[in-house]
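The values are calculated or read from the model by the stated rules, or taken from the named source; none is laboratory data. Here the structure is a predicted model, which is why all the values come from computation and not from measurement. Neighbour counts run over all protein chains shown; Cβ positions are idealised from the backbone, glycine included. Keep in mind that these areas ignore ligands, DNA and RNA; they rest on the heavy atoms of the full protein, side chains included. Shrake-Rupley method; radii C 1.70, N 1.55, O 1.52, S 1.80 Å.
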Amino acid sequence: MRVVIDTNIFVMCLVTRSPYHIIYQSLITNKFELCISTEIAFEYHEIISKKYNSDIALGFISLLNELSNV
């Protein structure tokens, strides 16, 4: 299954205590294929940096670059 995930969903699902964390876990265990553009990746970085910090955002973007299902 191919999906596009809104930035706000990723903001909510990065926290391990969140009921939406299953989305993040499903991404890293290849349960679906994430379709993003460069612009979407920049938006993920920008919004996650504002909500958490730049290091977390950079780590998340690095993870997306390494995953085979992105």
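Assorted remarks:
- Extension reserve of the residue 40-residue 69 stretch, reckoned as 0.36 nm per residue once the Cα distance is removed: 8.9 nm
- With θ taken as phi - 60° and the Karplus curve 6.51 cos²θ - 1.76 cosθ + 1.60 applied, the whole-hertz 3J(HN,Hα) list for region 37-42 is 9, 4, 5, 5, 4, 4 Hz, x standing for glycine and proline.
- The GluC sites (Glu not before Pro) of region 11-59 include none that meets both criteria, a DSSP state outside H, G, I, E and B (loop) and at most 15 other C-beta atoms within 10 angstrom of the site's C-beta.
- Sequence-distant residues sharing a close amide H with residue 33 (under 5 Å, placed H): 2, 3
- Per residue, in Å², the accessible surface of the chain once ligands and nucleic acids are set aside, probe 1.4 Å: 66
- For the chain: relative contact order, % (alpha-carbon pairs under 8 angstrom, 6 or more apart): 31
- Neighbours of residue 10 by Cβ distance under 13 Å: Lys/Arg scored +1, Asp/Glu scored -1, total -1.
- Charge dipole magnitude, Cβ of K and R +1, D and E -1 - region 10-70, Cα centre, debye nearest 20: 280
- Annotation for residue 8 and residue 22: the two label points, set 7 Å from Cα along the Cα-Cβ direction, are 2.1 nm apart.
- Exposed-site-free run, longest, the chain (rule: trypsin sites (Lys or Arg not before Pro); DSSP loop; at most 15 other C-beta within 10 Å): 32-70
- Phi angles across region 60-69 convert, under the Karplus curve 6.51 cos²θ - 1.76 cosθ + 1.60 with θ = phi - 60°, into 3J(HN,Hα) values of 5, 5, 4, 4, 4, 5, 8, 6, 6, 9 Hz, Gly and Pro given as x.
- Pair residue 30, residue 15: separation of 7 Å Cα→Cβ label points (nm): 3.1
- Theoretical ellipticity at 222 nm over the chain - DSSP helices of four or more residues, -39500 (n - 2.57) apiece, nearest 500: -18000 deg cm²/dmol
- Measuring only protein heavy atoms, the 1.4 Å probe finds residue 15 accessible over about 50 Å².
- Qualifying chymotrypsin sites (Phe, Trp or Tyr not before Pro) in the chain, DSSP loop, other Cβ atoms within 10 Å at most 15: 20, 32, 52
- Shape call, the chain: gyration tensor on alpha carbons, a/c limit 1.5: oblate
- Fraction of accessible area attributable to carbon and sulfur, the chain (%, probe 1.4 Å): 55
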